[in-house]
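Q: Please see the structure below; I have some questions.
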Amino acid sequence: MHEYIVESTGCQPQLYVFNQIFKAYESLDYVRRYITDSYESKQQKTFLDFWYSNGDSIVYNKYYDKECEKELAERTLNYDYENVIAESEEKRKQIWEEHYEKIYIEQYQLYAIIFYEYYKHLHKSLDEERIEFIADKLEEHINSCFAEDFAQLELLGLPTAFGKSKSNRKTQLQRYDNLQQVYSGFFSDEEDSSSMDSQHFQKNTVKDLDKEVKETSTLCDIKEKKIKKKRANRKLRNVPEFLLENKEMMKYWRKRFSLFSRYDDGIRLDCESWFSVTPEKIAAHLAERLSCDVILDAFCGCGGNAIQFARTCKRVIAIDIDPVKISMAKHNAKIYGVADKIDFIIGDVMHIDRTCNFRCDIVFLSPPWGGPKYKRKESYDIESYLQPSGASKLMEIAKQFSENVVFYLPRNACIKQVVELAGFGNRCEVEHNYLDSRLVAISVLYGENILKVN
Ligand code: MGP
Ligand code: SAH
């Protein structure tokens, strides 16, 4: 196991994706080498990757004037291309110069929390499951390696459970007021500090940001309750009856636009789909990642994944056992204008007609997890709890159609089982999908052709 890859989108809710490659039955030495790498340098490296690939979109998303954009687009229609392009570039440059440092610091603060959560999750899941290759002595070693890093973060006041229940929250958050503070003493890793300098942030360009940053440090302001959540008095209109009847289900209604950005255009969902659908940003990210000619979405439900796959793949085969879901999926796909790229099939994945003999590039599996109660288990057993059968059986079926298989699984899935599912000596890539600071689910990629790191 090694290698982090991180991705994100630049607007709310922000998607963070951390990837980790694992090899089934890896040697002890290999793991030891991995865990002795410092937390700080990993955090710094992945943050920089994140910033270099997303920083500009985050800055522009926040500051690029929508009106100005509209006006420029109109002028493009009037064939004023050259001036429009020059003006637009000038404007972007100006926005970047004015705001990037402030946004950098804000993003750094958020990122540090999310990465910390991710790291804790990763270690906990490896540790708790006592993955075969981690012997008792190694466990001690992990603790001693990371105790210092974690203690340092605790000292900085970074909350350990941001976004979760109140009782878990720490009340204080370190405010970094300028780039020097962000880096002073926090990152001791020489190699990484030098790469920082060489790439972007020459210290002599750092301005005094005191006032400016304090005003815009959103995270701190939320924590200090200066920013109040606006949603309190919103009326509940057009809420489906079955959601109103069940308090637990109302949280899914509140995040309906995160599930489908075009929810208000008439998206249809039944009860099971409300809690099972893959949020649009995660589905879109997976679709980008798995772009290919033909993809099989074997448990398509109301179409959360299938719709996004249709945007990046030439053809989608979408199967579900429930005819109601298939009809909703068709309807929803029409709203997104992609229905003609999807072949909808009502059928039981466990009994696909073996004579139909089709192949596809990738098989995507997001089976039922047993309802929202899946999270009551400390560690989710993917061989016993997944429906309609255990992960190994599902993998066996999927492999009839392609060597490349992707599972969408609960965030508390037993990592030992997840890795072993790759088969002896094979690799898999575990993606942790966060929306803002919440770990929503993990996606696991099997098959050398679709792994990111070769
Ligand atoms: P969740 O844990 O029920 O929501 O589902 P949330 O808000 O993270 O819960 P909380 O208790 O932390 O507040 C999280 C995500 O998991 C959903 O958006 C779905 O994408 C996915 N999901 C949940 N369930 C129960 C299923 C399921 O049975 N099958 C599939 N394929 N996905 C599911
Ligand atoms: N990824 C989907 C949600 C899938 S929920 C989305 O984003 O919208 C899991 C789905 O699996 C449910 O819709 C359920 O009807 C379907 N299902 C359960 N057993 C099945 C089986 N044996 N064959 C095919 N589909 C099945």
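Q: Can you pull out the residues in region 288-303 that are buried (at least 23 other Cβ atoms within 10 Å of the Cβ) and free of Cβ contacts under 8 Å to residues at least 60 places away in the same chain?
A: Those that are buried (at least 23 other Cβ atoms within 10 Å of the Cβ) and free of Cβ contacts under 8 Å to residues at least 60 places away in the same chain: Cys300, Cys302, Gly303.
Q: Could you list, in sequence order, the residues of region 354-370 that are within 13 Å of ligand 2 (Cβ to nearest atom) and of a type in the set (S, T, N, Q)?
A: Within region 354-370, just Ser366 meets the criteria.
Q: Looking at Gly337, Gly301, which is the one that is away from ligand 2 (no atom under 13 Å from the Cβ), assigned to a loop (DSSP other than H, G, I, E, B) and modelled with pLDDT of 95 or more?
A: It is Gly337.
Q: If you don't mind, there's one more thing I want to ask. Within region 263-277, count every residue that is within 16 Å of ligand 1 (Cβ to nearest atom) and touching a residue at least 12 places away in the same chain (Cβ under 8 Å).
A: Summing the residues that are within 16 Å of ligand 1 (Cβ to nearest atom) and touching a residue at least 12 places away in the same chain (Cβ under 8 Å) in region 263-277 gives 10.
Q: Please list, ordered by residue number, the helices (runs of 4 or more DSSP H) wholly in region 1-114 having 2 or more residues that are at pLDDT 80 or above.
A: Answer list for region 1-114: 39-63.
For (1) buried (at least 24 other Cβ atoms within 10 Å of the Cβ); (2) under 21 Å from His351 (Cα atoms); (3) more than 8 Å from ligand 2 (Cβ to nearest atom); (4) modelled with pLDDT of 95 or more, each residue gets a yes or a no:
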residue	(1), (2), (3), (4)
Ala306	yes, yes, no, yes
Arg311	no, no, yes, yes
Ile317	no, yes, yes, yes
Val324	no, yes, yes, yes
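Q: How many residues are of a type in the set (Gly, Ala, Ser) and either in contact (Cβ under 8 Å) with a residue 60 or more places away in the chain or within 16 Å of ligand 1 (Cβ to nearest atom) (or both) if we restrict to region 305-339?
A: Going through region 305-339 one residue at a time, the tally reaches 3.
Q: Right, another one. With Val405, Val444 as the choices, which residue is under 14 Å from the mean Cα position of the chain (by Cα) and either among the acidic types (Asp, Glu) or surrounded by 22 or more Cβ atoms within 10 Å (Cβ to Cβ) (or both)?
A: From the options Val405, Val444, the qualifying one is Val444.
Q: Looking only at region 244-260, count every residue that is touching a Phe, Trp or Tyr at 6+ places or on another chain (Cβ under 9 Å), free of Cβ contacts under 8 Å to residues at least 40 places away in the same chain and more than 9 Å from ligand 1 (Cβ to nearest atom) and tell me the total.
A: 5
Q: Tell me the residue from His331, His351 that is surrounded by fewer than 17 Cβ atoms within 10 Å (Cβ to Cβ) and more than 12 Å from ligand 2 (Cβ to nearest atom), please.
A: Result of the check over His331, His351: His331.
Q: What helices (runs of 4 or more DSSP H) lie completely within region 240-294 and have 2 or more residues being within 11 Å of ligand 2 (Cβ to nearest atom)?
A: Answer list for region 240-294: 271-276, 280-289.
Q: Residues in region 343-353: is at least one away from ligand 1 (no atom under 15 Å from the Cβ), in contact (Cβ under 8 Å) with a residue 40 or more places away in the chain and closer than 30 Å to Arg254 by Cα?
A: Yes.
Q: Moving to a separate point now. Do you know which residues across region 368-395 are more than 10 Å from ligand 1 (Cβ to nearest atom), farther than 18 Å from Ala298 by Cβ and touching a residue at least 40 places away in the same chain (Cβ under 8 Å)?
A: Glu378, Ser379, listed by residue number.
Q: When residues of region 278-287 are filtered for being under 19 Å from His331 (Cα atoms) and either surrounded by fewer than 20 Cβ atoms within 10 Å (Cβ to Cβ) or within 12 Å of ligand 1 (Cβ to nearest atom) (or both), how many remain?
A: Total meeting the criteria: 4.
Q: Related question: Exactly one condition in (1) small (Gly, Ala, Ser); (2) in contact with a Leu (Cβ under 9 Å, 6 or more places away or on another chain); (3) surrounded by fewer than 19 Cβ atoms within 10 Å (Cβ to Cβ) is false for Ala112; which is it?
A: (3)
Q: Need pairs with beta-carbon distance below 7 Å; first residue under 20 Å from Ala283 (Cβ atoms) and in contact (Cβ under 8 Å) with a residue 24 or more places away in the chain and within region 397-418, second polar (S, T, N, Q) and not in a strand (DSSP E or B); sequence gap 6+ or separate chains.
A: What qualifies is Asn404/Asn449; Tyr408/Thr278; Tyr408/Ser366.
The values are calculated or read from the model by the stated rules, or taken from the named source; none is laboratory data. What you see is a predicted model; the values in this text were computed from it and never measured. Using ideal geometry, Cβ is built from the backbone for each residue, glycine included, and neighbour counts are taken over all protein chains shown.
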